[in-house]
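Values in this text are rule-based calculations from the coordinates and carry no lab data. Because the structure is predicted, anything quoted here is derived from the model rather than measured. Here the Cβ is made from the backbone with ideal geometry for all residues, glycine too, and neighbour counts use every protein chain on show.
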Amino acid sequence: MNMQAELQSQPEPTTDTVILEFDPRKFSIDQFDLSLAEPTVLIVDDELLIRDLLVEVMQNRGFTVLEAADAEQASVILGNMNNRVDVLISDIRLPGMDGRELAKVARNLRPDLKVLFLSGYASAPREGYLDSSTEFMAKPFRINEVAEHVEALL
């Protein structure tokens, strides 16, 4: 694949054309320093309205956002190691595999992954699931509080 760029110099207007050759087979994601990239969150919630609100808030706070409607979709995203994921934001109650099971799968793939559980059930069991890289928020909450919890996890 060739890319072309035109360069114009000042004060004398001259134009040069530079052709850059790019062979994507010679590059892998490992060759790029992703530490300078914006943190990436994966939002998993089966309620579209909540997921859309979370996506918008997190993007507005400068995060790169991936989203999934259920644990199966999230597992595919997490399994692709070309996807950077710093924080998993997941509803606990999901169809099929629940959020806690998803977090176990995710941590097997990405041991350093931070997790923020969301639940409409304040009494959702928390024991055995919370540690220094995991937080829990009971709904209802102010939507900006989610971003604040994610920033604290990072």
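For Pro39, the shell of other residues with beta-carbons less than 13 Å away shows a net charge of -1, using +1 for Lys and Arg and -1 for Asp and Glu. Over all pairs of different C-alpha atoms, region 34-153 has a mean inverse distance whose reciprocal, the Kirkwood radius, equals 14.1 Å.
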